[in-house]
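This report concerns only the one structure given below.
Read-outs: derived from the displayed coordinates by stated rules, not from any lab. Only a predicted model underlies this, so the values are computations on that prediction, with no experimental measurement involved. Quick reminder, even Gly has a Cβ in these numbers, built from the backbone with ideal geometry, and neighbours come from all protein chains shown.
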């Protein structure tokens, strides 16, 4: 059978029919097993139909699709599935797509398409093995921003602008420190589709792929106005007065830790600002796929930690 013929929805229904005939019925599975398979596959078919504009063909179904499917299934039914149930659903889908991989015909180049790698690391691990993320609380965010903006108002110095812009790019834009320190003034461009946003084009990313960060113009307007008067478009933004190269990461981190202390909060580290950006967006959007794009994660698995953290915060608030 050909992998693709009429679009992902029609093709997937065609493959499910083939799977039922040559796998489920042929194997003579028990009724409970058949019912479980039918239910899991029906849920997945519904998910693909809902996202058919994005998942346009069979080859677009990948590892991220299966992870997103589990997340949206929980959101739709308003409850968290156990790791055992999630693993069962993934096992069923893997069986279906293994069948497709085995049954598919070669393409025009004589090559066979396989979904084998798409299931690596998809099955959830034990529920209690979660990393606990650190992020700034709302009042802490306010104190930090008030402090750096107060310094701007008082002195409007070179370093006051550097520290204010750096904190905002990480806390509002979700930037990594390595990405931020490589920025030049030319990387800050007006976003054509929305004049209220600045598009920050990244020179160096973790993936090595060209990426952008969006941040509200009003949040960094003062800082950008300062640098546009003081440095060239091709200059690094984050560098000391008279320095040729960009600012040292460790020195910048020490200064930010000092700002935390002066702002009256007991925090440390730079990555906490990126975590804060992610948590704020997850609380606003309740959409892990949007947070994934905001943080530019390669896999949605990495982003799912913010969903779990939000549930913990919700339960804590409900207990009060």
Extension length gain for residue 52 and residue 146 (0.36 nm per residue less Cα distance), in nm, is 29.3 nm
Residues 219, 154 in order from fewest to most other beta-carbon atoms within 10 Å are 154, 219
So what is the relative contact order of the stretch 8-119, in percent, for Cα pairs below 8 Å that sit 6 or more residues apart? 31 percent
With a ≥ b ≥ c the root eigenvalues of the C-alpha gyration tensor of the stretch 8-119, is it rounded (a/c under 1.5), prolate (a/b larger than b/c) or oblate? oblate
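Grab the beta carbon distance between residue 250 and residue 290, set R0 = 51 Å, and tell me the FRET efficiency rounded to 0.05.
About 0.95, to the nearest 0.05.
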For the stretch 208-270 and the stretch 35-87, write down the distance between their C-alpha centroids in whole Å. 41 Å
Just from its helices, what would the mean residue ellipticity at 222 nm be for the chain, if runs of 4 or more DSSP H residues each count -39500 (n - 2.57) and the sum is divided by every residue, rounded to the nearest 500 deg cm²/dmol? -18000 deg cm²/dmol
Separation of the residue 283 and residue 257 label points, Cα + 7 Å toward Cβ, nm: 2.6 nm
Say R0 is 25 Å: what FRET efficiency, to the nearest 0.05, do residue 102 and residue 75 get from their beta-carbon distance? 0.15
Pairs of alpha-carbon atoms within less than 8 angstrom and 6+ residues apart define the contacts here; what relative contact order does the chain have, in percent? 16 percent
Where only alpha carbons of the stretch 63-204 are counted, the Rg and the Dmax (Å): 23.5, 71
Extend 7 Å from the Cα of residue 158 along its Cα-to-C-beta direction; within the stretch 175-210, residues with backbone N under 16 Å of that point are 185
GNM flexibility winner over the chain from 102, 186, 305 (Cα, springs under 10 Å): 102
Prolate/oblate/rounded label for the stretch 178-265 (Cα gyration tensor, a/c 1.5): rounded
Based on the Kirkwood radius over alpha-carbon pairs, what value in µm²/s does the Stokes-Einstein equation return for the translational diffusion coefficient of the stretch 138-319 at 4 °C and 1.567 mPa s? 76 µm²/s
